[in-house]
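Every number here is computed from the coordinates shown, using simple stated rules; none is lab data. Remember, it's a predicted structure, so these values are computed and weren't measured experimentally. Virtual Cβ from ideal backbone geometry, glycine too; neighbours counted across all protein chains shown.
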């Protein structure tokens, strides 16, 4: 219903909007956070530049990759090289410490409140920062899980120990053959549990999280809800952005908050129920925390 009408950026005073946002959060009955790739970037999980050069200079030299993301689609000739690349990719983006305290600051804003979080990110930073895992829905998978590529089963497999072994034992851009992960059922080489086609496994944990999210929304209809959208772009807007717009439009007591540098917009229909901040997410969250 919103796709055919133009969106508008907020032109209001930044300081006033920060105070307005703080007031809305303080008075909210519930907070629903929707997080996209822009939040991971703001937290320091950049996929190009210095971080890429530090961890993937050999792959850059051999293949000409310019960032981690594009390298993830390369058809490596051997599984040993494939997993050398992906074990580094997963290790630094899933198991290393979060580069800054952005997630800690977000947690402090909702700690003690009735909240739920839906995200298309797969780096698991929310749980690492201490968010209640029963209030998280990772819709697109998790770097920390593997699955059968067929798939022959509706299961996912924790990869932490195997990934750390691969990361530490690789040499010449290859891992030892014996570390290649295999499906325990059909013995095919496992792959990452990331949504890229219709083979993505939505296991029991995924469905339980989806049900908890649906129940949260259903049981709080009409309440004073802040829909806080952080770094969500237009790659998969039907997962977070469009549903947030629709729910705010249907609930006069709710408010839509969009924080996204360069892409902070809202539909005209909910403009009076929206706060759009075209600014760095880290700066906005820090400024909201500092409001007395």
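Take 178-187, 126-135 and order them by the average number of nearby Cβ atoms within 10 Å per residue, most first; the result is 126-135, 178-187.
One decimal place: the segment residue 70-residue 271 gains 68.7 nm when fully extended, by the rule 0.36 nm per residue minus the C-alpha distance.
Using C-alpha pairs below 8 Å separated by at least 6 residues, the relative contact order for region 114-189 is 23 percent. Round to the nearest 10 and give me the degree value, 0 to 90, for the angle of helix 160-169's Cα axis relative to the longest principal axis of the chain. Approximately 50 degrees, to the nearest ten. Axis of helix 50-63 versus longest Cα principal axis of the chain: the two differ by about 40°, to the nearest ten degrees.
Calculated FRET efficiency, residue 108 to residue 198, Cβ-Cβ distance, R0 = 41 Å: about 0.55 to the nearest 0.05. Shown is the FRET efficiency for residue 172 and residue 27, computed with R0 = 51 Å from the Cβ-Cβ distance and rounded to the nearest 0.05: 0.30. Calculated FRET efficiency, residue 48 to residue 182, Cβ-Cβ distance, R0 = 35 Å: about 0.60 to the nearest 0.05.
Where [x] 16.1; [y] 15.1; [z] 20.6 are the candidate values, the label of the one calculated here for mean projected area of the Cα convex hull in nm² is [x]. Taking every DSSP beta bridge that has both ends in the chain, the antiparallel portion is near 30%. Straightening the chain between residue 224 and residue 150 buys 22.2 nm, computed as 0.36 nm per residue apart minus the Cα-Cα spacing. Taking label points 7 Å from Cα along the Cα-to-Cβ direction, residue 165 and residue 291 give a separation of 5.1 nm.
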